[in-house]
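The values are calculated or read from the model by the stated rules, or taken from the named source; none is laboratory data. The model shown is predicted, which means the values in this text are computed figures rather than measured ones. Because the Cβ atoms are built from the backbone with ideal geometry, glycine has one as well, and the counts that use them run over all protein chains shown. Only protein heavy atoms, including side chains, enter the accessible area calculation; ligands, DNA and RNA are left aside. Shrake-Rupley method; radii C 1.70, N 1.55, O 1.52, S 1.80 Å.
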Amino acid sequence: MKTVICKTYEEISKAAAEEIASIIKEKPKATLGLATGSTPVGMYRELINKYENGELDFSEVTTFNLDEYYPISKDNDQSYDYFMRKNLFDHINISQGKTNIPNGSASDPIAECEKYEKKIEENGAVDIQVLGIGQNGHIGFNEPGDYLHTVTHITDLTESTINANARFFESESDVPKKALTMGIGTILKAKKILLLANGRSKHEAISALLDDKITTAIPATLLKTHPNVILICDEEAYYG
Ligand code: GLP
């Protein structure tokens, strides 16, 4: 795993945007795997700047997001669909038909997951998958457990994740208890993985990523099996 340790959040955001930009410049029809959460917001801002400066063209880019709460409507301002529009899609020239997010209001969530996984497979490999990391080491919404799922699936959120994400909702009871998420296998199929972590609250999860053990109790440790992972983090996430 290649590691880049940054002094500030701004530095993380710029370094991450550079990684994405170089892929799009080399391959205008690139497929990006995208993440939500507070960590990638600065990276999206940098990508918007690059688009506005004429440095990047998103017209042929395809995106697949990692996950979505379930159930949730697209209009809910806490849905990841809303998040992506507000933080990126509404500000760049991406074609709406090329953006993909699991449908949090699908009447049959299992069928929705199967459809999503199939669409990713048919599209061909994701060129770069952006990941944040949960305090408990989750990636996407692959929560710690006795086993992990390989493909896109519906999952229960852990108390720790509901707690951590409650800050975005009016109250903790408003946080959906389930989510649709790419599986660990879906994530590991990406050609390159860009993991972003900022702040001391991520230190424990990042430390587990840096030793030589793999455990389903810390899902991010499965990334050690991937040959092309870049970790971009700040000093607090890295050193504690
Ligand atoms: C959510 C998302 C993850 C994200 C995590 C961390 O649970 N499903 O994809 O990595 O939050 O979020 P933050 O970056 O806000 O700490």
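Each part gets one Cα centre, and for the range 72-140 versus the range 27-44 those centres are 11 Å apart. Phi angles across the range 125-132 convert, under the Karplus curve 6.51 cos²θ - 1.76 cosθ + 1.60 with θ = phi - 60°, into 3J(HN,Hα) values of 4, 5, 6, 8, 9, 8, 9, x Hz, Gly and Pro given as x. Based on DSSP H segments of at least four residues, each scored -39500 (n - 2.57), the chain has a per-residue ellipticity at 222 nm of -9500 deg cm²/dmol. Annotation: extensible slack from A125 through S207 equals 26.6 nm (criterion: 0.36 nm per residue apart, minus Cα-Cα distance).
Counting only protein heavy atoms and a probe of 1.4 Å, the accessible surface of the chain is 48% carbon and sulfur.
Label reach from T215 (point 7 Å along Cα→C-beta): in the range 128-157, amide nitrogens under 18 Å belong to 134-139, 142-149.
Legend: calculated FRET efficiency, S171 to E52, from the Cβ-Cβ distance at R0 = 25 Å, rounded to 0.05, equals 0.10. Over the chain, the alpha carbon radius of gyration divided by the compact-protein estimate 2.2 N^0.38 Å works out to 0.94. Placing dummy labels 7 Å off each Cα toward the beta-carbon, the span from E10 to Y239 is 2.1 nm.
Pairs to check: K25/K98; K25/K74; K14/K178; K7/K191; K50/K224. Give those whose C-alpha atoms are more than 21 Å from each other in this structure.
On the way: K25/K98 18 Å; K25/K74 31 Å; K14/K178 32 Å; K7/K191 27 Å; K50/K224 31 Å.
Long pairs (Cα-Cα over 21 Å): K25/K74; K14/K178; K7/K191; K50/K224.
When Rg and Dmax are taken over the Cα atoms of the range 6-118, they come to 14.6, 45 Å.
Between V4 and L231, I232, C233, the built amide H atoms are under 5 Å apart, and every one of these is 5 or more places off in sequence or on another chain.
For the chain, the relative contact order works out to 25 percent when only alpha carbon pairs closer than 8 Å and six or more residues apart are counted.
A straight chain from T150 to M1 at 0.36 nm per residue would run longer than the Cα-Cα distance by 51.5 nm.
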